[in-house]
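Trainee: Would you mind keeping the following structure in view while I ask a few things?
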Amino acid sequence: MAKSFLKRWQNGEISNFQYLMLLNTLAGRGYSDLTQYPVFPWVLADYESETLDLKSPQSFRKFDKPMGSQTAEREDEFRKWLGGQFDHADRLFNSVKDTWLSAAGKSNTSDVKEMIPEFLYIPEFLENRFNLDLGIKQSGEKVGDVVLPPWAKGSAREFIRKHREALEADYVSENLHCWIDLIFGYKQRGKAAEEAINVFYHYTYEGNVDIDSVSDPTMKASILAQINHFGQTPKQLFLKPHIKRRTDRKIPPHPLCYSTNLMPQQVRQSSSSISQIVTFTEKIFIAKENSLLKPLTYNKYFSWGFPDRNSMHWSRSQFLVTGADDGVVAVWRFDKNNRLSLMRALCAHTGKIMCLHVSQAYSLIVMGSEDCSVILWDLTNLVFVKQLPLFLAPVSAVHVNELTGIVVMGAGIMLTVWSIKGDCLAVVNTSQLPSDLILSVMSPMHSDWQDKLVRNGPPERSTEWEVTGVQVDHAQSAQIPQASCYNTPSYERSEAVVER
């Protein structure tokens, strides 16, 4: 599997972010163990400019050097330094620039931290939304929201968007293999690691200590404290230099970039109304009324014909979620004999369920009701998470982007875009006709840092406006690029296709 993904990354078929997440998974690193948390590289070195120039190599860190050798002076210090203090008194994360200078600057040899993946997809972790009392630094500065670089324009979402864009920049793609050699590859251990100034305390390496064989309780406690406090070096995945990403790779086009040239064409015809359309292995599958295709191969379907008029959504595991006229959402499980058993009934709506979506990636059930409400449930524990503010019309369509976590909803003629945390990112009026209701929405899983304009529908029905540099179409579709959300008064960015 690793070789397959390596080739896909080399050819540009998957992003740098996806490949790094895969390497972390293969190295046994995950979110449930803080000592083996996923590790990502510091990407940028510029946290002072008003505008970020991703065409300049000076904007990026040195990917062929560990954090202890980002400057010549710092490298000289590490060549002389073979032990000493690992910790700092003032360690609270409060400023991106200060954290970078601590990890890459010349004044602190005890800090060589790399990044965590949250810097590339979760803006909320940079904000102190609950006004927690995080204390006051020795300088007298009160700790609150993380101080962002000037080019983020004071927006955590803009910081994440530009940071993600930087990770996929050509300079990073051409040099990322050097960082992989340091963290997961042949420069992690041995002579190559020593030459690269990439050596850590021996207890942090996999297999270097058998904790069960240590009989001295004091020594065992000391070793465990060392591992728990400072973490573990990732598992070594490559013993030879990692291949370089191809510079002539073909970047897949945005799936909607040619929408202006699309012409209607009948692909299949059905004798009844269509409830579901799925594209799989270059084929198109449809489900008729009162039926649902079963993932992952979609060669089977589930059908019903009862008068309860349930809404349904199938997750990619053995779950089935149904929503009924009485507002109850039921979660079912298939046993080994392919029989359904009720796991739990989720009760919160006062009107019938109009739409629902199950996100396996974010372990979330999102449902919209005729009572104008939207409620989020935890798919893992089947418990209530959050209710969004009431809409002005019944919620008729909902979709969760499995890549970005962006939630797109249609209520009457209003298109709304929300973060996975329940923050409203956009509210767009898609039509001047109250009867022109939104029936379905879709958000393509493509590069979530690219801004693309999509226009669809006859010109006489199109009304365009610019939203922080992005145009939104008022006809049959509206687009606001994914995960590129600004703090503007009324409208923000996401990406969606609206059907009526």
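The values are calculated or read from the model by the stated rules, or taken from the named source; none is laboratory data. What you see is a predicted model; the values in this text were computed from it and never measured. Virtual Cβ from ideal backbone geometry, glycine too; neighbours counted across all protein chains shown. The area values use the complete protein model at the heavy-atom level, side chains included, leaving out ligands, DNA and RNA. Shrake-Rupley method; radii C 1.70, N 1.55, O 1.52, S 1.80 Å.
Trainee: Name the single residue that is farthest from residue 186 (Cα to Cα) among those in the stretch 63-92 being assigned to a loop (DSSP other than H, G, I, E, B) and modelled with pLDDT of 75 or more.
Mentor: Selected residue: 71.
Trainee: If I filter the stretch 150-184 down to residues being touching a helix residue (DSSP H, G or I) at 6+ places or on another chain (Cβ under 6 Å) and outside any helix (DSSP H, G or I), which single residue comes out as surrounded by the most Cβ atoms within 10 Å (Cβ to Cβ)?
Mentor: 184
Trainee: With the structure loaded, tell me whether residue 342 is farther than 23 Å from residue 436 by Cβ, crowded, with 17+ Cβ neighbours inside 10 Å and aliphatic (A, V, I, L, M) or whether it fails that test.
Mentor: no
Trainee: For the stretch 24-63, name all the residues that are loosely packed, with under 15 Cβ neighbours inside 10 Å and touching a His at 6+ places or on another chain (Cβ under 9 Å).
Mentor: Within the stretch 24-63, just 35 meets the criteria.
Trainee: Additional query: Taking the stretch 356-407 as the search range and keeping residues that are surrounded by 20 or more Cβ atoms within 10 Å (Cβ to Cβ), within 22 Å of residue 121 (Cα to Cα) and of a type in the set (Ser, Thr, Tyr), which one is modelled with the lowest pLDDT?
Mentor: 404
Trainee: Mind listing whichever residues of the stretch 203-248 are under 25 Å from residue 23 (Cα atoms), open to solvent by less than 80 Å² (accessible area, probe 1.4 Å) and of a type in the set (Ser, Thr, Tyr)?
Mentor: 203, 204, 205, 233
Trainee: Same structure, new question: Go through 139, 95, 107 for me and flag whichever is hydroxyl-bearing (Ser, Thr, Tyr) and either surrounded by 15 or more Cβ atoms within 10 Å (Cβ to Cβ) or modelled with pLDDT of 85 or more (or both).
Mentor: Exactly one of 139, 95, 107 is hydroxyl-bearing (Ser, Thr, Tyr) and either surrounded by 15 or more Cβ atoms within 10 Å (Cβ to Cβ) or modelled with pLDDT of 85 or more (or both), namely 95.
Trainee: Looking for whichever is assigned to a loop (DSSP other than H, G, I, E, B) and hydrophobic (A, V, I, L, M, F, W, C) here; the options are 130, 125. Which one fits?
Mentor: 130
Trainee: Quick check on my filter: what residues within the stretch 54-81 are touching a residue at least 24 places away in the same chain (Cβ under 8 Å) and among the aliphatic types (A, V, I, L, M)?
Mentor: Within the stretch 54-81, 54, 67 meet the criteria.
Trainee: Report the residue count in the stretch 122-136 for those that are buried (at least 17 other Cβ atoms within 10 Å of the Cβ) and out of contact with any Asp or Glu (no Cβ under 8 Å at 6 or more places or on another chain).
Mentor: Matching residues across the stretch 122-136 total 1.
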